[in-house]
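The values are calculated or read from the model by the stated rules, or taken from the named source; none is laboratory data. Source: prediction; values computed, not measured. Ideal geometry is used to build each Cβ from the backbone, glycine not excepted, and the neighbour counts take in all protein chains shown.
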Amino acid sequence: MKTESRLEKVLAAGHLAVTSECGPPRGAMPDKVREKGRHLLGIVDAVNVTDNQTAMVRMSSLAASVILKQEGLNPLFQMVTRDRNRLAMQADILGAYSLGIDTMLCLSGDHTKFGDHPMAMNVHDIDSIQLIQMVKAMRDESKFQGGAEIKGAPKMFIGAAANPFADPFELRVLRLAKKIAAGADFIQTQCIFNVDKFEKWMEGVCARGLHKKCYILAGVTPIKSVGAARYMKTKVPGMDVPQEIVDRMASVPKEKQPEEGVAICVETMERLKKVEGVAGFHIMAIDWEEKVKEIVERAGLLPRPQV
């Protein structure tokens, strides 16, 4: 599938792709989106724009994507199945594509009980795998999910997420295979701290030839402090932070911890470059966008390729 997506062109040309993230603000603050975007311009191939992440109300992913597009970035429009039914989702996909947004990520979304509106209904009219199928049918068959023909199909480059660390581990590769069979063109993984376990997952991925059917972007996160490392280790479901990472962060003075977190991130990327099937990186520097340039530079991935 050839789309207009810059991310697809970079991957198809065989370059290691780099994506990052821009969480929309919790208010009508377009300048906040622009400010975050400025740190990423020319540094990454696409910018994920989260959709009411952690089940907290934020500016819509679609609106924030449009603002980033106006600033010259390539937004990666995220959509969760939690908040809308299939009519609303298809309408937003058509709207996004009409506004020049050609890359998206299909997700289920965190349960509302984790956010600030625990009383809100979870819609989940369809799940993330059915969302992938729906976007693919809209693109490749010019068909709405109800069967009617689309005039002016949205030619989206379709992404999905994978968590190599969730339990049961032995089902992780099968779940990835289902997303690829549904139509995912690329995958972004959960942040990787336990590289050994990730390598084991990738062995299973490559054994099934899944890395040849889909581009896999390895997720990395710079840790700001030992407190953040401990929080991710104990409080974030599906996150695997080995004790040695916590100990390493604890071994340096508080003011040096952000620097150490960046060093760990760059070292992880260097190791992941050697893993068969890794097609690029997704750098999740949450509210720390100003560090992304340094990370990409130190990992030897600047300047970004012209495609």
Do we find a residue being of a type in the set (A, V, I, L, M) and in a helix (DSSP H, G or I) anywhere in the range 104-123?
-> no
Based on what the data block shows, is residue 40 within 17 Å of the chain's Cα centre (by Cα) and either closer than 25 Å to residue 236 by Cβ or β-branched (Val, Ile, Thr) (or both)?
-> yes
Any chance the range 151-160 includes a residue that's crowded, with 16+ Cβ neighbours inside 10 Å, free of Cβ contacts under 8 Å to residues at least 40 places away in the same chain, more than 22 Å from residue 48 (Cβ to Cβ) and of a type outside the set (S, T, N, Q)?
-> yes
Any idea how many residues of the range 200-240 are under 19 Å from the mean Cα position of the chain (by Cα) and farther than 18 Å from residue 291 by Cβ?
-> 15
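Just checking, which of 61, 142, 65 is in contact with a strand residue (DSSP E or B) (Cβ under 8 Å, 6 or more places away or on another chain) and either surrounded by fewer than 18 Cβ atoms within 10 Å (Cβ to Cβ) or of a type outside the set (S, T, N, Q) (or both)?
Just a single option satisfies the conditions, and that option is 142.
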If you take the residues in the range 257-307 that are free of Cβ contacts under 8 Å to residues at least 12 places away in the same chain and within 30 Å of residue 207 (Cβ to Cβ), which one is surrounded by the fewest Cβ atoms within 10 Å (Cβ to Cβ)?
-> 274
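Rundown of residues vs (1) more than 20 Å from residue 165 (Cβ to Cβ); (2) touching a helix residue (DSSP H, G or I) at 6+ places or on another chain (Cβ under 6 Å); (3) modelled with pLDDT of 95 or more; (4) among the charged types (D, E, K, R), yes/no style:
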{"site": "206", "(1), (2), (3), (4)": "no, no, yes, no"}
{"site": "211", "(1), (2), (3), (4)": "no, yes, yes, no"}
{"site": "218", "(1), (2), (3), (4)": "no, yes, yes, no"}
{"site": "222", "(1), (2), (3), (4)": "no, yes, yes, no"}
{"site": "226", "(1), (2), (3), (4)": "yes, yes, yes, no"}
{"site": "229", "(1), (2), (3), (4)": "no, yes, yes, no"}
{"site": "239", "(1), (2), (3), (4)": "no, yes, no, no"}
{"site": "261", "(1), (2), (3), (4)": "no, no, yes, no"}
{"site": "267", "(1), (2), (3), (4)": "no, no, yes, yes"}
Look through the range 222-256, keep the residues that are among the basic types (Lys, Arg) and assigned to a helix (DSSP H, G or I), and return whichever of them is surrounded by the most Cβ atoms within 10 Å (Cβ to Cβ).
-> 248
Scan the range 135-188 residue by residue and report those that are among the polar types (S, T, N, Q) and assigned to a loop (DSSP other than H, G, I, E, B).
-> 142, 145, 163
Please identify the pairs in which a residue from the range 84-112 that is farther than 13 Å from residue 62 by Cα and of a type in the set (Asp, Glu) has its Cβ atom under 7 Å from the Cβ atom of a residue that is at pLDDT below 95 and in a helix (DSSP H, G or I), counting only partners at least 6 apart or on another chain.
-> 110/54
Without any contact (Cβ under 8 Å) to a residue 60 or more places away in the chain, buried (at least 20 other Cβ atoms within 10 Å of the Cβ) and β-branched (Val, Ile, Thr) - does that describe any residue in the range 212-221?
-> no
